[in-house]
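Every read-out reported here was derived from the displayed coordinates using simple, explicitly stated rules and does not represent laboratory data. Remember, it's a predicted structure, so these values are computed and weren't measured experimentally. Cβ sites come from the backbone with ideal geometry, for glycine too, and all protein chains shown count toward neighbours.
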Amino acid sequence: MTKQEILSVSEIKQLVDSFYTKVRKDELLGPIFAEKIGDNWDEHLDKMYRFWETVLLNEHTYFGSPFPPHAKLPVQKQHFDKWLELFNKTIDEEFQGSKAMEAKSRAQKMAFMFQTKIDYLQNQKR
């Protein structure tokens, strides 16, 4: 398979679809996503298309705050590490170029921020 540049919403959709295919099959992450998303995968994927289109292509199609839906998830560092591993694997297998590198960088920063905030919220309850 020839690696592609991330230049349009078509590649964003490919990235999101490939990534979430891996997530859904993963023993650690799959059950958490299945519990939270249930039968609403089409809605979730559409939201992720818009999110990454906004982040990577500067096309403002996503409006909202990405953290609140994650705030109460039963996740820890190992979950974020696996999430990043699958995300980076998807990028490395299918994409190349500056937007691919930016996607990996943005995902790293987002995972760190989400993990830090969730750790803080979980420690507040103790």
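Report, in whole Å, the centroid distance computed from the Cα atoms of region 1-37 and region 58-126.
Between the Cα centres of region 1-37 and region 58-126 lies a distance of 13 Å.
Treat each spin label as a single point 7 Å out from the Cα along the C-beta direction, and report the LEU45 to LYS13 distance in nm.
According to this spin-label approximation, the distance is 0.9 nm.
Once whole DSSP H runs in the chain are found, which of them have Cα atoms spread over 15 Å or more along the helix axis and a mean Kyte-Doolittle score of at least -0.5?
Result, helices passing both filters: 9-25.
More than 24 Å apart: what percent of Cα pairs in the chain qualify?
Result: 26 percent of Cα pairs exceed 24 Å.
Scan region 17-124 for GluC sites (Glu not before Pro) in coil per DSSP, keeping those whose Cβ has at most 14 other Cβ atoms within 10 Å, and list them by number.
GLU27, GLU59
Order of ARG50, ARG24 from fewest to most other C-beta atoms within 10 Å?
The fewest-first ordering by Cβ neighbours comes to ARG24, ARG50.
Which order results if LEU121, LEU15, LEU29 are arranged by neighbouring Cβ count within 10 Å, fewest first?
Going from least to most buried by this count: LEU121, LEU29, LEU15.
Based on Cβ point charges of +1 for Lys and Arg and -1 for Asp and Glu, what charge dipole magnitude is obtained for the chain about its Cα centre, in debye rounded to the nearest 20?
Using only the charged Cβ atoms, the result is roughly 600 debye.
Mean residue ellipticity at 222 nm from the helices of the chain, using -39,500 (n - 2.57) per DSSP H segment of n ≥ 4 over the full residue count, to the nearest 500 deg cm²/dmol?
Rounded to the nearest 500, the figure is -23000 deg cm²/dmol.
Provide the net charge surrounding PHE95, with neighbours chosen by a C-beta distance below 15 Å and charges set as Lys +1, Arg +1, Asp -1, Glu -1.
-1
Between GLN124 and LEU28, how high is the FRET efficiency from 1/(1 + (r/R0)^6) when r is the Cβ-Cβ distance and R₀ = 22 Å? Nearest 0.05.
It comes out at approximately 0.35.
Applying 1/(1 + (r/R0)^6) with R0 = 35 Å to the Cβ-Cβ distance of GLN76 and LYS3, what FRET efficiency is obtained, to the nearest 0.05?
0.60
Expressed in nm to one decimal, what extension gain is obtained for the pair LYS36 and LYS109 from 0.36 nm per residue of sequence separation less their Cα-Cα distance?
Stretched out fully, the LYS36 to LYS109 stretch lengthens by 24.0 nm.
Trypsin sites (Lys or Arg not before Pro), restricted to region 70-123: which are DSSP loop and have at most 12 other Cβ atoms within 10 Å?
LYS72
Test of understanding: in a Gaussian network model of the chain with alpha carbons linked when under 10 Å, which of PRO74, PRO66, PRO31 would top the mean-square fluctuation ranking?
Of the options given, PRO74 has the highest mean-square fluctuation.
Using Cα springs under 10 Å in a Gaussian network model of the chain, which residue among ASP42, ASP26, ASP92 shows the largest mean-square fluctuation?
Judging by the Gaussian network model, the answer is ASP42.
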